[in-house]
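Readers should treat all values here as calculations from the given coordinates under stated rules, not as data from a laboratory. All values reported here derive from a predicted model rather than from experimental measurement. Neighbour counts are summed over all protein chains in view; Cβ atoms, including those assigned to glycine, are modelled from backbone coordinates with ideal geometry.
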Amino acid sequence: MTATIINGKEIAEKKRMEIAEEVSKLKKLGVTPGLAVILVGNNHASRTYVTNKEKACKELGMNSVLIELPEEISEQELLSKIEELNMDDQIHGILVQLPIPKHIDEKKVIESISPFKDVDGFHPINIGRMMTGQNAFLPCTPYGIMVLLEETGISVAGKHVVVVGRSNIVGKPVGQLFLNQHATVTYCHSKTKDLKGHTNQADILIAAVGIPNFITAEHVKEGAVVIDVGINRNEAGKLCGDVAFAEVSEKAGYITPVPKGVGPMTITMLMFNTLKSAAESLN
Ligand code: GUN
């Protein structure tokens, strides 16, 4: 079988057009969605991500505020800045770009963001709401994966989903979203015995390990849906995922490429969450 490629870039563009329409409707009601992005220090990759988030806001007609803080900033100063943004009516989403310097407690920072403005979906209140199936901000990459499948017409209920990777940002929450949609979910990780035995059971396989070419054709059941969340650089410095794309695409039914697969959906769902927050501020 040769897999159908799920074009994340195209699906992200379609979703962004829908978001832009909703933004313009909200603006007519006097509300412009506003996202505050806090960047601490000078991590090169973080700066690129933050620039892309700002650009997306502008393209969709939203306001964005970039707050750049020095590496040496104290935890208290950062918490005060977040508190200021929590109180600001013009700001509907607050995002602290991770990682932050080691002298600052990341958990404390995440928990200081108002759950009503936590557009990353990292606050324990939003995670709890997601787990219990309540209205919540869903973390952007997992949410983006669900939208990719929905837009491709791939049903989830009753399917066996195997998630490889258990990070708080991707692995754990994506399994929960599949469970919420009535899938049977298996989590695998670095201590899993007989990984291939598990992954070969997957109707939908999620690769979120952060190791280039970790998932090979041997891991994949004929016709499975393979979602590659990895963003790695290979020895030649070329962007690549966690899945050995050439061989797996000969066996899978559907596959996401890297780049232009899951990646473009992450910022799209951040924009969606910011819009949602602004819309809910009217209630
Ligand atoms: N660093 C890498 N990915 C993310 C993300 O989705 N949100 C934030 N805040 N930081 C990140």
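A few points about this structure:
- Point-charge dipole on Cβ atoms (K/R +1, D/E -1) for the chain, about Cα centre, debye to 20: 440
- When the listed pairs Lys53/Lys108; Lys55/Lys238; Lys58/Lys81; Lys107/Lys172; Lys117/Lys276 are checked against a 21 Å cut-off, the alpha-carbon distance exceeds it for Lys53/Lys108; Lys55/Lys238; Lys58/Lys81.
- Principal semi-axes of the equivalent ellipsoid, √(5λ) from the alpha carbon gyration tensor of region 139-262, are 20, 16, 15 Å from largest down.
- Here's the picture: a label point sits 7 Å out from the Cα of Gln134 along the beta-carbon direction, and within region 239-283 the residues with their amide nitrogen under 18 Å of it are 277, 280-281, 283.
- Over region 62-108: Rg over Rh, Cα atoms, Kirkwood Rh: 0.95
- Relative contact order of the chain, pairs being alpha-carbon contacts under 8 Å that are 6 or more residues apart, as %: 23
- By the Kirkwood approach, averaging reciprocal distances over each pair of separate Cα atoms, region 77-161 gets a hydrodynamic radius of 14.6 Å.
- Sorted peptide list for 260-266, 195-201, criterion being average Cβ within 10 angstrom, highest first: 260-266, 195-201
- Folded to 0 to 90 degrees: helix 75-86 orientation relative to the chain principal axis, Cα: 80
- Seen against the Cα atoms of the chain and their longest principal axis, helix 8-28 is set at about 30 degrees.
- Coordinate range of the alpha-carbon atoms in region 5-155 per principal axis, descending: 47, 34, 32 Å.
- Translational diffusion of region 192-281, µm² s⁻¹ [Kirkwood Rh, Cα pairs; Stokes-Einstein; 20 °C; 1.002 mPa s]: 152
- Kirkwood-Stokes translational diffusion coefficient of the chain, alpha-carbon pairs, 25 °C, 0.890 mPa s, µm²/s: 126
- In Hz, Karplus ³J(HN,Hα) per residue of region 238-251 (6.51, -1.76, 1.60; θ = phi - 60°; x = Gly, Pro): 8, 4, 8, x, 8, 10, 6, 4, 4, 6, 5, 5, 6, 10
- Angle in degrees between helix 140-152 and the longest Cα principal axis of the chain, rounded to the nearest 10: 50
- Size of region 30-116 as Cα extents on the principal axes (Å, biggest first): 39, 28, 17
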